[in-house]
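S.K.: So that we are looking at the same thing, I have put the structure below in structure tokens.
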Amino acid sequence: MKQHILTMLEDLLPMVDFDSDFLFAELDSLGVTSIMMTLSAEYGISLEACDATPKNFKTLDSIVEMVQTKMAEKR
């Protein structure tokens, strides 16, 4: 799942360093919104504005964890 998300996000935002230790600092509001919309559509989950936190967007791993948590809640 992590590699799939990385590939999608690199295609979506090619100028962003997704290996960053503090990814949230690399993103503007449009980038965060684009990521949330893409992940929502791809995984059939609902990501809300309250999910757009520095904790959830700190690293690629935290984004993957957020998606996995939302998928588990959906079941």
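The values are calculated or read from the model by the stated rules, or taken from the named source; none is laboratory data. Since the structure is predicted, the reported quantities are computational estimates derived from the model, not experimental observations. Note that we place each Cβ from the backbone using ideal geometry, even for glycine, and neighbour counts take in every protein chain shown. To get the accessible areas, we keep the full protein, side chains included, count just its heavy atoms, and leave off ligands, DNA and RNA. Shrake-Rupley method; radii C 1.70, N 1.55, O 1.52, S 1.80 Å.
S.K.: Run Leu9 past the list (1) under 12 Å from the mean Cα position of the chain (by Cα); (2) open to solvent by 70 Å² or more (accessible area, probe 1.4 Å) and report the number of the one that doesn't hold.
M.R.: (2)
S.K.: So how many residues does region 37-64 have that are of a type outside the set (D, E, K, R) and part of a loop (DSSP other than H, G, I, E, B)?
M.R.: Here is the first cut: in region 37-64, the residues of a type outside the set (D, E, K, R) are 37-41, 43-47, 49-50, 52-54, 56-57, 59-60, 62-64.
From what's left, part of a loop (DSSP other than H, G, I, E, B): 44-47, 52-54, 56-57, 59.
Result for region 37-64: 10.
S.K.: Let me ask you something else. Out of region 25-36, which residues are closer than 16 Å to Val64 by Cβ and either open to solvent by 60 Å² or more (accessible area, probe 1.4 Å) or in a loop (DSSP other than H, G, I, E, B) (or both)?
M.R.: Of region 25-36, the ones closer than 16 Å to Val64 by Cβ are 27, 32, 35-36.
The one that is closer than 16 Å to Val64 by Cβ and either open to solvent by 60 Å² or more (accessible area, probe 1.4 Å) or in a loop (DSSP other than H, G, I, E, B) (or both): Leu27.
S.K.: A further question on this structure: Using the structure shown, decide if Asp11 is out of contact with any Pro (no Cβ under 8 Å at 6 or more places or on another chain), touching a residue at least 40 places away in the same chain (Cβ under 8 Å) and of a type outside the set (Ser, Thr, Tyr).
M.R.: no
S.K.: Could I ask something else about it? Answer with yes or no whether Leu39 is open to solvent by less than 90 Å² (accessible area, probe 1.4 Å), more than 10 Å from the chain's Cα centre (by Cα) and of a type outside the set (Val, Ile, Thr).
M.R.: Details: open to solvent by less than 90 Å² (accessible area, probe 1.4 Å): yes; more than 10 Å from the chain's Cα centre (by Cα): no; of a type outside the set (Val, Ile, Thr): yes.
For Leu39, the condition - open to solvent by less than 90 Å² (accessible area, probe 1.4 Å), more than 10 Å from the chain's Cα centre (by Cα) and of a type outside the set (Val, Ile, Thr) - is not met.
S.K.: Scan region 2-15 residue by residue and report those that are part of a loop (DSSP other than H, G, I, E, B) and modelled with pLDDT of 95 or more.
M.R.: Leu13, Pro14
S.K.: Still on this structure, please answer the following. Does Thr53 meet the test of being under 20 Å from Met1 (Cα atoms) and not acidic (Asp, Glu)? Walk me through how you get there before you give the answer.
M.R.: Details: under 20 Å from Met1 (Cα atoms): no; not acidic (Asp, Glu): yes.
Judged against the criteria, Thr53 is not a match.
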